Structure formats: structure tokens, C-alpha cells
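Here is the structure we will look at, set down as C-alpha cells.
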Amino acid sequence: MQQLRIVGIGGSTRPDSSSEVALRIALDACAAAGTETTLLSASSLALPFYDPVQAKQSTAADGYLRSVRAADGLIISSPGYHGGISGLIKNAIDWLEELAHDERPYVDTVPVGCISVAGGAQTSVAAMVSLRTVVHTLRGFPTPLGVAINAVPGLFKAGDCTDAAVRTQLTQLGRQVADYAALVRASRSAAAVG
């Protein structure tokens, strides 16, 4: 049987951004659970603004869309900007409209872990609500645990998280994505046999 594939989408244009570090920690937990992981960070997400007319003639997002199509689970990590998700992440999500007519439309039945990181609890929670709403709209299901992080100074240093409780939450989120992806695959296999 093919190894489960978990794709992480997120970060910001700042190298080693807090949201990217948080995403890496969650993906490491997926890898430890035996999944294949792919990180699509800001450089992979620097796509032209989504335009449904121009998208059909563009190859800019082909690799990104291939990765999402092949994913058994996703983790989306966004910085919280002004009470919502970042434009970079929103544009990447908008490109998922190209999956609307696939056999598995959008991210139908895909478990999606949601992470938001902001310099303030209010913005972090608002971004989390936005992410979870978007995932539902795209027919995916957010994992029970979402991690909204108030990125106080010093929380992320040298590519790691200095707070054991936050690190534990990110690890739990990664495990939930891997576990639910395995359950969805098992359910599909059982339905195909039955």
C-alpha cells in the first residue's frame, strides 16, 4: 500500500517565519507517524493572483495543485494579518478552485490541520476561525485540534519553538492529521472491497 502523503502549506515571505516553523513541527510529527511529508512554503506559494480565466492558460501553480491533489491530508499554517489569514495563504487557497471538477473536488474528505500565528491572541483566533471556515467550504474537515498561537517575543528561536506546551499542541495536530488520513484511506479501501 502506498505511503500516506501529508502536504503542509504555509509560512510567510520572512525566512524562518513563526508560521513556517510551527508548520515544520507539525509536519515532523506526521513524518514520525510514518507519512511522507511535503512542505510548500512561501517560495512555492508565490503564485500570480488567482484569476479563473487566466488560470487555465497558466502553469505557475501546476506543481502546487499536483501536490494538493495527491495529498491524503493537509496542514495549513497562516500568519494572522489584521484579523484574518495572510494574502499569500488566501491566494494559494483561491487556486484550489482549479480542483473543483476533479474526481475528488477541492479537498473533499481530506483532514486538514489549521495553525494560525500572530502577535496577539485576538488576531490569532480570528485567523483560525477564517481557516476552519475555508476548509469546511472546500469540503475538507478541520481536525478537532487547531492551534492558534500568540507569538510572544522569543516563542520561536533558531527554527524551533521554545514553549513546550505549544510544541506539544503542534505535535498533536500533526498526529491527528496523520491518524485521520489513515482512517479515511481505510474507509475508502473497505468501501471498495464491500
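Derivation of every value follows stated rules applied to the coordinates shown; laboratory data play no part. All of these numbers come straight from a predicted model, not from anything done at the bench. Ideal geometry is used to build each Cβ from the backbone, glycine not excepted, and the neighbour counts take in all protein chains shown.
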Could you run the Karplus curve 6.51 cos²θ - 1.76 cosθ + 1.60 with θ = phi - 60° over the range 68-83 and give me ³J(HN,Hα) per residue in whole Hz, x for Gly and Pro? 5, 4, 7, 6, 8, x, 10, 10, 10, 10, 10, x, x, 10, 6, x
Counting each DSSP H run of 4 or more residues in the chain as -39500 (n - 2.57), what helix-only mean residue ellipticity at 222 nm follows after dividing by all residues, to the nearest 500 deg cm²/dmol? -14000 deg cm²/dmol
Neighbour-limited loop hits for trypsin sites (Lys or Arg not before Pro), the range 1-75 (at most 14 other Cβ within 10 Å; DSSP other than H, G, I, E, B): LYS56
Need one number for the range 5-193: average projected area of the convex hull over its C-alpha atoms, nm². 10.4
Backbone HN-Hα couplings from phi across the range 153-165 [Karplus 6.51/-1.76/1.60, Hz, Gly and Pro as x]: x, x, 5, 10, 9, 6, x, 9, 9, 8, 9, 4, 5
Sorted by chain and number, the residues with a modelled amide H under 5 Å from that of LEU39, at a separation of 5 or more or across chains, are GLY8
Derived scalar couplings ³J(HN,Hα) [the range 20-25; Karplus, 6.51 cos²θ - 1.76 cosθ + 1.60; whole Hz; x for Gly, Pro]: 6, 4, 4, 5, 4, 4
Rounded to whole Å, give me the distance from the Cα center of the range 3-28 to that of the range 83-101. 16
